[in-house]
Amino acid sequence: MIDSGKHVLGLTLPTDPRWVNIAEKSIEEILVDHAYCEQKAASSCISLIIMYPEREELVKVLTPVVAEEWGHFERVLEELDKRGFKLGPARKDEYVARLAKAERKGGSRDQQVVEKLLINALIEARSCERFRLLWKNLTDKSLQKFYYELMVSEASHYKNFIHLAKLYLPEKYVMQRWKELLKEEAAIIKTLEVRGDRMH
């Protein structure tokens, strides 16, 4: 099995180990929040395609990701249904809201698209790390397998966003900005309450 750990993803701060233990006790809440995360991931890719239709490689790479993320949303709904749970209302995602504030506004169109791509890469990387924790630590074997499969998929999505960013600005700039965002993301994670009812 592939082990997409923190070192592979480049995250500078691992998730608090208490998170997965709390999450297992709130599996309905985690699945509901996860469903909305997948829905938002699909929507985010659609937004990028709508905003940057002239970027042929972006459209080509992200179009299948939209379908895959929506497929994940459907799969999470199946997991909810299997357990007799309902989707329920969407929740505020404080992690994503705070990460969005780290996005540099203005600059050239290339800089703008790179900012959005790197923010998306960060969200995918953190999701992948959380999926890994669920795969490694849940006692529910069915959910373990489910989260392993999603972990592998999310790891490739994170790489897609980084790859696209390097098409629009020099690699040196992209990787420097990536390091800056990783530090900001770590600071956000450090100050967020450890909650088992949220995926992030």
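The values are calculated or read from the model by the stated rules, or taken from the named source; none is laboratory data. Since the structure is predicted, the reported quantities are computational estimates derived from the model, not experimental observations. Quick reminder, even Gly has a Cβ in these numbers, built from the backbone with ideal geometry, and neighbours come from all protein chains shown.
Picking from residues in the range 1-44 that are hydrophobic (A, V, I, L, M, F, W, C), at pLDDT below 85 and surrounded by fewer than 20 Cβ atoms within 10 Å (Cβ to Cβ), the one that is farthest from Glu185 (Cα to Cα) is Met1. Residues considered: Lys159, Lys136. Of these, the only one that is at pLDDT below 95, surrounded by fewer than 19 Cβ atoms within 10 Å (Cβ to Cβ) and farther than 21 Å from Phe73 by Cα is Lys136.
Any residue in the range 38-55 that is in contact (Cβ under 8 Å) with a residue 40 or more places away in the chain and acidic (Asp, Glu)? Scanning the range 38-55, I find no residue that is in contact (Cβ under 8 Å) with a residue 40 or more places away in the chain and acidic (Asp, Glu), so the answer is no.
If you check Gln144 against the conditions, is it in a helix (DSSP H, G or I), in contact with a helix residue (DSSP H, G or I) (Cβ under 6 Å, 6 or more places away or on another chain) and either under 20 Å from Asp33 (Cα atoms) or at pLDDT 95 or above (or both)?
Working: in a helix (DSSP H, G or I): yes; in contact with a helix residue (DSSP H, G or I) (Cβ under 6 Å, 6 or more places away or on another chain): yes; either under 20 Å from Asp33 (Cα atoms) or at pLDDT 95 or above (or both): yes.
Yes: the conditions hold for Gln144.
The set of residues in the range 174-200 being under 30 Å from Asp110 (Cβ atoms), outside any loop (DSSP other than H, G, I, E, B) and touching a residue at least 40 places away in the same chain (Cβ under 8 Å) consists of Val174, Arg177, Trp178, Leu181, Leu182, Lys183, Glu184, Glu185, Ala186, Ile188, Ile189. Checking Gly88 against (1) within 25 Å of Leu192 (Cα to Cα); (2) part of a helix (DSSP H, G or I): exactly one of these is not met. Which one? Here Gly88 meets the rest and fails (2).
Here the range 51-87 is the region considered, the condition is being surrounded by 14 or more Cβ atoms within 10 Å (Cβ to Cβ) and within 12 Å of Val32 (Cα to Cα), and the residue that is farthest from the chain's Cα centre (by Cα) is Phe85. For the range 50-85, a residue qualifies if it is assigned to a helix (DSSP H, G or I), in contact with an Asp or Glu (Cβ under 7 Å, 6 or more places away or on another chain) and not β-branched (Val, Ile, Thr), and the qualifying residues are Glu69, His72, Phe73.
If you filter the range 63-81 down to residues that are touching a residue at least 12 places away in the same chain (Cβ under 8 Å) and among the charged types (D, E, K, R), you find that the one that is farthest from Ala42 (Cα to Cα) is Glu79.
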